[in-house]
Amino acid sequence: MSESWLFPRWIAHRGAGKLAPENTLAAFRLGAAHGYRMFECDVKLSADGVPFLLHDATLDRTTNGHGLAAELSWDELSRLDAGRWHSPAYAGEPLASLESVAHFCLDNALALNIEIKPTPGSESLTGTVVANAAARLWADAQTGAIPIPPLLSSFQPEALEAARAAQAHLLRALLLDNFQIGWLETALRLGCVAVVGKHTQWEAVSVQQAQSAGLRVLSYTVIEALDADRLWALGTDGIITDRVDLFFP
Ligand code: G3P
Ligand code: MG
């Protein structure tokens, strides 16, 4: 197994789970205030190729915008309200660029799991641009200490393949919502260091298969203590959670 695993065991999903507007800097600040030292976020591209944080392909659920986010420029996206949908206290919170989140993490010695979440049809481009941006941001870091490297993950093998072609040295993880035949071979073929599985899918056999192949085992998205207990008992390596108010790293 890789000896260079530097990541905390607890990872805050989309910043602070559901306690703040997902994938915004406000969420990262709240997750950090709860003691979290690693964060997961979803990253896609604006029409002009700027990587920014948004889970859905469309703007409607989590902003006051409408339609496909990938059809707007970053200048247009950055003027949307991504907080009011959550609660009045967060009204006016903007969408976050990958750059702003990277700076927040680097400035505060926090680790970041960047989920490459391409708008459908832009898998390779998103993998390439996100990897190049992450490599530049972490290489330019002025932290004084060696920064914790980013972990790139994706459900889309094509995005991970493109990320590897662009920046082979960046750490990659394959996301899985089920364990179809060939999952382990796919992770190994993509040069991944970890598999991030839907937490209910991990069993002793699959954990052992992954770890025997040298891969770390992570889970998403855990909200119940019993589920976390099961995953730690299985010997898994990390948990992505929405409940930053329940689990204290
Ligand atoms: O990266 C883990 C998890 O975020 C994957 O699912 O839909 O919440 O992005 P989703
Ligand atoms: Mg995600």
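The values are calculated or read from the model by the stated rules, or taken from the named source; none is laboratory data. Worth saying up front: this structure is predicted, and the values here are computed from it rather than measured. Cβ sites come from the backbone with ideal geometry, for glycine too, and all protein chains shown count toward neighbours. Each accessible area value is taken on the protein alone, full model and side chains, heavy atoms only, with ligands, DNA and RNA left out. Shrake-Rupley method; radii C 1.70, N 1.55, O 1.52, S 1.80 Å.
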Exercise. With the condition kept exactly as written, say whether any residue in segment 172-190 is more than 16 Å from ligand 1 (Cβ to nearest atom), farther than 22 Å from residue 16 by Cα and under 19 Å from the mean Cα position of the chain (by Cα).
Key: no
Practice problem: Name every residue in segment 44-54 that is open to solvent by 10 Å² or more (accessible area, probe 1.4 Å) and outside any loop (DSSP other than H, G, I, E, B), in order of residue number. | Solution: 45, 51
Quiz item: Quick one: is residue 210 of a type in the set (Gly, Ala, Ser), more than 24 Å from residue 28 (Cα to Cα) and in contact (Cβ under 8 Å) with a residue 24 or more places away in the chain?
Solution: yes
Self-check item: Residue in segment 218-238 that is surrounded by fewer than 21 Cβ atoms within 10 Å (Cβ to Cβ), touching an Asp or Glu at 6+ places or on another chain (Cβ under 6 Å) and either of a type outside the set (A, V, I, L, M) or at positive phi (or both) present
Solution: yes
Exercise. Can you give me the number of residues within segment 46-78 that are touching a residue at least 12 places away in the same chain (Cβ under 8 Å), away from ligand 1 (no atom under 16 Å from the Cβ) and either within 25 Å of residue 32 (Cα to Cα) or in contact with a strand residue (DSSP E or B) (Cβ under 7 Å, 6 or more places away or on another chain) (or both)?
Key: 8
Exercise. Determine whether residue 99 is open to solvent by less than 70 Å² (accessible area, probe 1.4 Å) and charged (D, E, K, R).
Key: no
Quiz item: Looking at 41, 105, which is the one that is within 23 Å of residue 241 (Cα to Cα), assigned to a strand (DSSP E or B) and touching a residue at least 60 places away in the same chain (Cβ under 8 Å)?
Solution: 41
Quiz item: Given the residues 27, 69, 89, 57, which is the only one that is open to solvent by less than 30 Å² (accessible area, probe 1.4 Å) and either over 20 Å from the mean Cα position of the chain (by Cα) or over 19 Å from residue 240 (Cβ atoms) (or both)?
Solution: 69
Quiz item: Across segment 124-142, which residue is farthest from residue 55 (Cα to Cα) among those that are open to solvent by 30 Å² or more (accessible area, probe 1.4 Å) and not hydrophobic (A, V, I, L, M, F, W, C)?
Solution: 142
